[in-house]
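Contents: one structure, followed by commentary.
The values are calculated or read from the model by the stated rules, or taken from the named source; none is laboratory data. The shown structure was predicted, so the numbers you read here are calculated from the model rather than taken from an experiment. When we count neighbours, we look across all protein chains shown, and the Cβ atoms used for this are built from the backbone with ideal geometry, even at glycine.
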Amino acid sequence: MRLTLHTDYALRMLMLLALEPEELHTIASVAQRYRISRNHLMKVAQTLIQAGFVASVRGRHGGLRLGMDPAAIRVGAVVRATEDGFHLVECFDKRRNTCVITPACGLRKPLDEAMAAFLEVLDRTSLADVAQTPGKATRMRRLLTDGVAAVA
């Protein structure tokens, strides 16, 4: 299983917003802190806003913040909202499947089960679990702050 860059950036943005919930974050500041593409991050933010994970505050002093409690945001839900599909192999996409052995293939069921298990683990994991664990949160905050100082 490989997640897209869109999902990776979405999870990173959400972790920062959960790490510093009292602040409003601009797309530019998030991009700078992670050293990632601002343009790509704009698309990610739109997806997260549409899904309700992120709230956008307009205006001169606006920015982004979490749209709900981090404990209520399940990583599995974020992955489902940001991935286009879970076509591990060609036959998972019925419209594009050209595999001649599909009717007799025994691989589809184990791959389906593996995907379900993958998502089930992520469904048990909240944003708070990955971003607000005391020791890790402190270290993450330091890494994101030091990165800004190094770039500036």
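Restricting to segment 6-28, give me the number of residues that are within 25 Å of Arg80 (Cβ to Cβ), outside any helix (DSSP H, G or I) and of a type in the set (Ser, Thr, Tyr).
Here the count works out to 0.
Say we look at segment 73-104 and pick out the residues that are among the aliphatic types (A, V, I, L, M) and in a loop (DSSP other than H, G, I, E, B); which of these is nearest to Met42 (Cα to Cα)?
Across segment 73-104, the extreme among qualifying residues is Ile73.
Report, by residue number, each residue of segment 1-28 that is surrounded by 13 or more Cβ atoms within 10 Å (Cβ to Cβ), out of contact with any helix residue (DSSP H, G or I) (no Cβ under 7 Å at 6 or more places or on another chain) and without any contact (Cβ under 8 Å) to a residue 40 or more places away in the chain.
Asp8, Thr26
Can you work out which of the residues in segment 30-61 that are in contact (Cβ under 8 Å) with a residue 40 or more places away in the chain and of a type in the set (S, T, N, Q) is surrounded by the most Cβ atoms within 10 Å (Cβ to Cβ)?
Looking at the filtered set, the residue picked out is Thr47.
Give me a count of the residues in segment 29-61 that are touching a Lys or Arg at 6+ places or on another chain (Cβ under 7 Å), assigned to a helix (DSSP H, G or I) and either at pLDDT below 95 or closer than 29 Å to Glu120 by Cα (or both).
Number of matching residues: 1.
Looking at Leu122, Leu88, which is the one that is modelled with pLDDT under 85, of a type outside the set (Asp, Glu) and either over 20 Å from the mean Cα position of the chain (by Cα) or more than 24 Å from Arg35 (Cα to Cα) (or both)?
So the residue among Leu122, Leu88 that is modelled with pLDDT under 85, of a type outside the set (Asp, Glu) and either over 20 Å from the mean Cα position of the chain (by Cα) or more than 24 Å from Arg35 (Cα to Cα) (or both) is Leu88.
Specify the residue that is nearest to Val121 (Cα to Cα); the eligible residues are those in segment 62-86 that are surrounded by 15 or more Cβ atoms within 10 Å (Cβ to Cβ) and out of contact with any Ser or Thr (no Cβ under 8 Å at 6 or more places or on another chain).
Per the stated criteria, the residue is Ala77.
For a quick check of your reading of the model, give me the residue pairs whose first member lies in segment 130-151 and is part of a helix (DSSP H, G or I), whose second is modelled with pLDDT under 85 and among the small types (Gly, Ala, Ser), with beta-carbon atoms closer than 8 Å and at least 6 apart or on different chains.
Final answer for the pair search is none.
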